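Structure record follows, encoded as structure tokens.
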Amino acid sequence: TQLLEQSPQFLSIQEGENLTVYCNSSSVFSSLQWYRQEPGEGPVLLVTVVTGGEVKKLKRLTFQFGDARKDSSLHITAAQPGDTGLYLCAGEYRPQGGSEKLVFGKGTKLTVNP
Amino acid sequence: GAVVSQHPSRVICKSGTSVKIECRSLDFQATTMFWYRQFPKQSLMLMATSNEGSKATYEQGVEKDKFLINHASLTLSTLTVTSAHPEDSSFYICSARETGYTEAFFGQGTRLTVV
């Protein structure tokens, strides 16, 4: 079973601070995706990383895929109240004899206080 | 990004009745659609993978006779919760992936409450 451990589970910070969310596994993934989910809505895709060591930037968000494609991190610089939400990482893998699927981490509930 | 529409967004039904949830890909053809279930303060758990024109593949522990999935076209998959019980109350979310692409796009989710 592919498992993704996401940490921290909860994070409350002040506006302007930096933060990092981690997603770790003992398994290798073909790609890793980061989503943001608002209450009562479906997840919205932020980024997909595919290559080991890959770094992608989306404004103040920096995503990194580990060299071994087992872990990933999301770093937010100068957090703003609008960044508040649930951040989910999801790893894509293909089980033996099966089709590709995503496994999700438990999510990080981020609150940025003004 | 691609748009996936899920309907209804909220539904309340009586125990013992069936509820159908629709998932449509609006601007692309989705060979594969996924159905997830999310309990409060928990992550998404994959229930089944739906492939157009073939039977769905269910995850271990998911009753295929209770959660009926139909993927009759490249733009529509449906999940029917049969003989619903209060413990089936949850947030159900679908996602769809276009052939040849890695990303899957999610619907808005359906909040099912069984009373």
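The values are calculated or read from the model by the stated rules, or taken from the named source; none is laboratory data. Quick caveat: nothing in here was measured; it's all calculated off a predicted structure. A quick note on method: Cβ atoms are made from the backbone with ideal geometry, for glycine too, and the neighbour counts reach across all protein chains shown.
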Positions within the stretch B:80-105 being more than 14 Å from chain A (Cβ to nearest Cβ) and in contact (Cβ under 8 Å) with a residue 40 or more places away in the chain, in sequence order: B:T80, B:V81, B:T82, B:S83, B:A84, B:H85, B:P86
Quick check on B:Q60: is it surrounded by fewer than 17 Cβ atoms within 10 Å (Cβ to Cβ) and among the polar types (S, T, N, Q)? yes
Can A:K70 be described as within 10 Å of chain B (Cβ to nearest Cβ) and basic (K, R)? no
Being away from chain A (no Cβ under 11 Å), surrounded by 13 or more Cβ atoms within 10 Å (Cβ to Cβ) and more than 11 Å from the chain's Cα centre (by Cα) narrows it down to one residue among B:K55, B:K66; which is it? B:K66
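For residues in the stretch A:2-12 being hydrophobic (A, V, I, L, M, F, W, C) and surrounded by 16 or more Cβ atoms within 10 Å (Cβ to Cβ), which is nearest to A:F63 (Cα to Cα)?
A:L4
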For the stretch B:81-91, indicate whether the set of residues that are under 9 Å from the mean Cα position of the chain (by Cα), modelled with pLDDT of 90 or more and under 22 Å from B:S18 (Cβ atoms) is non-empty. no
Considering only residues that are assigned to a loop (DSSP other than H, G, I, E, B) and surrounded by 12 or more Cβ atoms within 10 Å (Cβ to Cβ), look in the stretch A:39-67 and name the one that is farthest from the other protein chains (Cβ to nearest Cβ). A:R60
Quick one: which strands (runs of 3 or more DSSP E) sit completely within the stretch B:24-115 and have at least 2 residues that are small (G, A, S)? B:44-51, B:67-73, B:90-98
